[in-house]
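Accompanying notes for the structure given below.
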Amino acid sequence: MNKELPKAYEPGLYEDEIYKRWEESGFFNPDNLDLPADAPGYTIVLPPPNITDKLHLGHASMLAIEDLLIRYYRMRGYRALWLPGTDHAAIATQNVVEKKLFKEDGKTRHDLGREKFLEKVWEFLRITQTTILKQTRKMGSSLDWSRTAFTLDEQREKAVRKMFVDMYNEGVIYRGERIVNWCPRCHSTLADDEVEYKETKSKLYWIKYGPFVLATTRPETKLGDTAVAVHPGDKRYKDMVGKEYMIPGVLGEFKVKVIADHHVDPEFGSGAVKVTPAHSFADNEMARRNNIPWKQIINEDGRMMDNCGKYAGLTTVEAREEIVADMEKMGLIDHIEEGYENKLSVCYRCDTPIEPLPSKQWFVSVDKKLPRLGNMSLKEKAIEAAKKGEIKFIPDRFEKRFVNWMGNLHDWCISRQIWFGHRIPVWYNSRNVDDIYVGENPPEGEDWEQDPDSLDTWFSSGMWTFSTLGWPDTFKDGKKSGDLARFHPTQVLETGYEILTLWVSRMIMMSFFAVGEKPFDTVYLHGMVLDKNGKKMSKSKGNGIDPLDVIAKYGTDAVRLSLLIGSTPGNDVRIFEEKIEGDRNFVNKLWNVARFILQTADENTTEIELKNLTLADKWIMAHFNALVDKNATSATKFLSNYNFSIAAELLRTFTYDYLADWYLEAAKFDKSTEKVKVLRYVLENLLILWHPFIPFVTEKIWELMGKEKLLMVEKWPEIKYDPGNNGDDFELIKNIVIAIRNARAENKIEPGRKIDAVIYTGNNKDLIESQSEIIKGLRTGIGKLTIAKDGDEPDDSICISVKGVSNMDIYLVGAIDKDKEKKRLEKEIANLEKLIAGTEKKLANEEFTSKAPPAVVEKEHSNLHARKNDLTKLLIQLKQL
RNA sequence: GGACGCGUAGCUCAGCUGGUUAGAGCACCUCGUUUACACCGAGGGGGUCCUAGGUUCGAAUCCUUGCGCGUCCACCA
């Protein structure tokens, strides 16, 4: 024994030190890789985690997948760049800090003022940002830290302003009125995902409305009505469409136009809807489609405006009561339906009902045709890229989802009434409201005031693939230079399917606009990480797993493996400790395989002499070759096709079932000149194959093997030695051993007891003889082993059958439980007879033999033949018993 | 309401460009401390592949329907 390794792999002892070595090697940065000038690029930009919180297992899964890809392609000789960063997550971050501020000091951001509040935000984000980067390293991520970016750092600020100005000058960005979700209590707009829906029971008022009777939950908005809408196919109102009517109301008569719109459900209510464009999203859309004017009647305090006569100043709820009472007096109420169930939209922070209000906002037009896009719109260009396969989706079903969603996309509202984020680079002249300045830098002069709003966080993260590669400095006159030229378009965008639409769509549109090319070749979508019961992990439910906790307990490699194995592209993955524990056990198994090999073969290898290989050597070499082959079932191929789980399972099967269980065991009895070389060759290459999955343990073993170069930059293996056959000879030995072990277990022969065996080999005498030590050594418990070409059945013995072998007889002598053996044989015979009957029936069916491919029919014939042989043999054995 | 996904061994999941005696890991049962590993080894039991139809010589795999679960989007006056 030359090297004394600890019995169990202890990740905690090595991980930090190994990561440090990787980082200090400089190889995370592709500029330092030793590559030919024309080496292909392979770039992934890390989807920047929000700095609202530390990382969870979902992030860990993302990091595991992306690091796997990057390490794989780095070893394949690509100029691999994985670019790290974080996202300022404007609204989410501001909310977290606001909540904290309120909880700790009872203050709102308005108490602090813009500047002071932003200081607080930065204070907060520096802490989470540091934690995030630390966690990311802990996962073993081979990110190029020298290129680290933040969506709100100086360089990205520059990019965002340039983008805004370019889009504005091109007429893509414009200012317009839009209905927003407004919380009257918080005095703020809410993003769609900040709106919550509450099941409520309310009243449905059926009101007399000129020639109509119609149902509404909000009679007070009648003051803002400008139209009545019906379904285009509704015969009841057919003749009224397009006409104008005077409607009696509590403040006198007013005029509405009747419009036809598909949005109206003719089954609901009376099939006619009053339209209040200023205070309803749906109504607003209908008004836009039909050119109907708006009339705002509710202000930002949630109160009726001055144009509401005697109701001015009332809250909407107060106004509703009074107006209903007045309508009642006027005989305008048809009837009131109680207990009507609907979903009320409320503020996620304070539960206050939301008031949709019109407001001035900045938009990105997705439909404007642009000369720079060949007269296509941003939307059309993105859809085309997906449909033409210029951008590929994995799994491909997401392409449909993407295209479908893009098709329904409306202009993108990019302004947010918050303080944290990229401030909109627009200045208004205080002396002349219509005088607007849009530019990358503030205008000269004192009368200019910058727009108080900030940009939607997706505006800056949508630029992530090129803003991180030096844009706009690396893009002049339509020509890419520097990092942008070398790494853009990137190869893969790997992210969760839940932000396919939010993020991916924006990246594609912005990249085409700014750089004139797609941001990435492939979008790989991963699923969500769920707990054992398939529930989303969340802090409030307490079912979350902290990556750092399980890493401390089981090691990073085990955590990575548990996230990769058993998960398929686009599908959710359930994670629980038992699973991680199992993978920890596997990592330990690999460690011990190495431990054994290093003990028995601690010397540097030279070229393997193929002619000296034993049966076991050839067998393991053949199976190793199958892993790195170019055919469709190799681990290499599955890695290239994003089938990480299948690749890992192939590697695991090889490591466990082939290498550890059989080859290493056989090696203990199978001495040959090449043994040491084969052991080292297989281990070495196996470590390379495993490295992208479990980088730490493989790198550590690699070091223990005496390698000077880092495994991280080792070349991906190809087939180097052809053993000349597929290892079938050793497969036969293996099956003999299994059959003997089986027979022993079936017959309850105590493990300590030696049994004599006789093998009549037929034509295989030399082969079996050469392997007799292995057969005896592999825990078959054989005492005296007799090998002959043929002979008589020994007394007091059973004949055992070997899988797939019919021209050989093996007898175990003595100590046989005949009853048990008889039962076993009968069971097996019954099973075989059933199979044979099935096969015969199939072959008798002329439809089958004439229509099925000849190869399939042929296979059935050979199956039948083999099964019949086996049956004959079993019947003889049974008779002899 | 719209779109999509899932339902295979007790649990977690592969397999699904149609042809295998339907697989893996964990759990379970029996046996075993054999110096790489008890974070172990040997052997074993366990599945009408959700239901009902259809296509086909042949379906876990393709089509239709129903049931159950999940995700995203929209949200209704």
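For this structure, a couple of remarks:
- The lone criterion from (1) at pLDDT below 95; (2) open to solvent by less than 60 Å² (accessible area, probe 1.4 Å) left unmet by A:R574 is number (2).
- Every test in (1) aliphatic (A, V, I, L, M); (2) in contact with a Pro (Cβ under 9 Å, 6 or more places away or on another chain); (3) within 10 Å of RNA strand B (Cβ to nearest atom) is passed by A:V241 save one, and that test is (3).
- Residue satisfying all of: in segment A:76-91; over 19 Å from A:T151 (Cβ atoms) and in a loop (DSSP other than H, G, I, E, B); most open to solvent (accessible area, probe 1.4 Å) among these: A:R76
- Of all residues in segment A:372-411, those satisfying the criterion of being polar (S, T, N, Q) and either free of Cβ contacts under 8 Å to residues at least 12 places away in the same chain or in contact with a His (Cβ under 6 Å, 6 or more places away or on another chain) (or both) are A:N375, A:N404, A:N408.
- Residue satisfying all of: in segment A:323-350; touching a residue at least 12 places away in the same chain (Cβ under 8 Å) and among the acidic types (D, E); least open to solvent (accessible area, probe 1.4 Å) among these: A:D326
- Any hit, segment A:748-760, residues being charged (D, E, K, R), away from RNA strand B (no atom under 11 Å from the Cβ), in a loop (DSSP other than H, G, I, E, B) and surrounded by 16 or more Cβ atoms within 10 Å (Cβ to Cβ): no
- Some residue of segment A:218-235 being open to solvent by 10 Å² or more (accessible area, probe 1.4 Å), more than 50 Å from the chain's Cα centre (by Cα) and under 12 Å from A:G271 (Cα atoms): no
- Just so you know, in segment A:502-551 the residues that are in contact (Cβ under 8 Å) with a residue 12 or more places away in the chain and of a type in the set (S, T, Y) include one that is nearest to RNA strand B (Cβ to nearest atom), and it is A:S505.
- Candidates A:S454, A:S461 - the one that is open to solvent by less than 10 Å² (accessible area, probe 1.4 Å), within 16 Å of RNA strand B (Cβ to nearest atom) and in contact with a Phe, Trp or Tyr (Cβ under 9 Å, 6 or more places away or on another chain): A:S461
- Condition met for A:E793 (touching a helix residue (DSSP H, G or I) at 6+ places or on another chain (Cβ under 8 Å) and farther than 23 Å from A:P751 by Cβ): yes
- Among the residues listed as A:L650, A:L704, the single one being open to solvent by 10 Å² or more (accessible area, probe 1.4 Å) and away from RNA strand B (no atom under 11 Å from the Cβ): A:L704
- Reported count of residues in segment A:402-415, each being more than 12 Å from RNA strand B (Cβ to nearest atom) and under 29 Å from the mean Cα position of the chain (by Cα), is 2.
- Those residues of segment A:601-641 which are within 16 Å of RNA strand B (Cβ to nearest atom), open to solvent by 30 Å² or more (accessible area, probe 1.4 Å) and assigned to a loop (DSSP other than H, G, I, E, B), in sequence order: A:D602, A:D629, A:K630, A:N631, A:A632, A:T633, A:N641
- Pairing residues of segment A:849-870 that are free of Cβ contacts under 8 Å to residues at least 60 places away in the same chain with residues that are near RNA strand B (Cβ under 8 Å from one of its atoms) and open to solvent by 80 Å² or more (accessible area, probe 1.4 Å), at Cβ distances under 8 Å and at least 6 apart in sequence or on separate chains, gives A:E860/A:K842.
- Residues that are on the phi < 0 side of the Ramachandran plot and either polar (S, T, N, Q) or open to solvent by 40 Å² or more (accessible area, probe 1.4 Å) (or both), drawn from segment A:242-258: A:K243, A:E244, A:Y245, A:M246, A:P248, A:L251, A:E253, A:F254, A:K255, A:K257
- Check on A:K784, open to solvent by 30 Å² or more (accessible area, probe 1.4 Å) and part of a strand (DSSP E or B): yes
- Single match in A:D239, A:D261, A:D265 (criterion: open to solvent by 30 Å² or more (accessible area, probe 1.4 Å), more than 22 Å from A:E355 (Cβ to Cβ), charged (D, E, K, R) and within 43 Å of the chain's Cα centre (by Cα)): A:D265
- Cβ separations smaller than 9 Å between residues 6+ apart or across chains give the following pairs from segment A:714-743 residues that are open to solvent by less than 60 Å² (accessible area, probe 1.4 Å) and within 10 Å of RNA strand B (Cβ to nearest atom) to residues that are among the aromatic types (F, W, Y) and in a helix (DSSP H, G or I): A:K734/A:W619; A:K734/A:W662; A:V737/A:W662.
- Residue within segment A:297-315 that is over 28 Å from A:T352 (Cα atoms) and open to solvent by 10 Å² or more (accessible area, probe 1.4 Å) present: no
- Residue list for segment A:209-256, restricted to those being among the aliphatic types (A, V, I, L, M) and in a strand (DSSP E or B): A:V213, A:L214, A:A215, A:A227, A:V228, A:A229, A:V230, A:M246, A:I247, A:V250, A:V256
- Given (1) closer than 22 Å to A:D796 by Cα; (2) exposed (fewer than 14 other Cβ atoms within 10 Å of the Cβ), number of the condition A:E821 does not satisfy: (2)
- Test set (1) open to solvent by 30 Å² or more (accessible area, probe 1.4 Å); (2) farther than 30 Å from A:K677 by Cα; (3) more than 13 Å from RNA strand B (Cβ to nearest atom) - A:E581 fails condition number: (3)
- A single member of A:S146, A:S142 is more than 16 Å from RNA strand B (Cβ to nearest atom), outside any helix (DSSP H, G or I) and of a type in the set (S, T, N, Q), and it is A:S142.
- Across segment A:28-70, the qualifying residues are those that are small (G, A, S) and more than 17 Å from A:P489 (Cα to Cα), and the one among them that is farthest from the chain's Cα centre (by Cα) is A:A37.
- Segment A:837-858, residues that are more than 46 Å from the chain's Cα centre (by Cα), more than 6 Å from RNA strand B (Cβ to nearest atom) and surrounded by 10 or more Cβ atoms within 10 Å (Cβ to Cβ): A:A837, A:E840, A:K841, A:L843
- Contact annotation: residue pairs with Cβ atoms under 7 Å, 6 or more positions apart or on different chains, pairing a residue in segment A:560-587 that is on the phi > 0 side of the Ramachandran plot with a partner that is within 7 Å of RNA strand B (Cβ to nearest atom) and open to solvent by less than 50 Å² (accessible area, probe 1.4 Å), are A:G566/A:V573; A:G566/A:S645; A:G570/A:Y497.
- Single condition A:N604 does not satisfy, out of (1) over 35 Å from the mean Cα position of the chain (by Cα); (2) on the phi > 0 side of the Ramachandran plot: (2)
- In segment A:92-113, residue surrounded by the fewest Cβ atoms within 10 Å (Cβ to Cβ) [restricted to those that are in contact (Cβ under 8 Å) with a residue 60 or more places away in the chain and under 15 Å from A:H187 (Cβ atoms)]: A:N95
The values are calculated or read from the model by the stated rules, or taken from the named source; none is laboratory data. Since the model is a prediction, treat every value here as computed from it, not as a measurement. Glycine also receives a Cβ, built like all others from the backbone with ideal geometry; neighbour counts cover every protein chain displayed. In case anyone asks, the SASA skips ligands and DNA or RNA and just uses the protein heavy atoms, side chains included. Shrake-Rupley method; radii C 1.70, N 1.55, O 1.52, S 1.80 Å.
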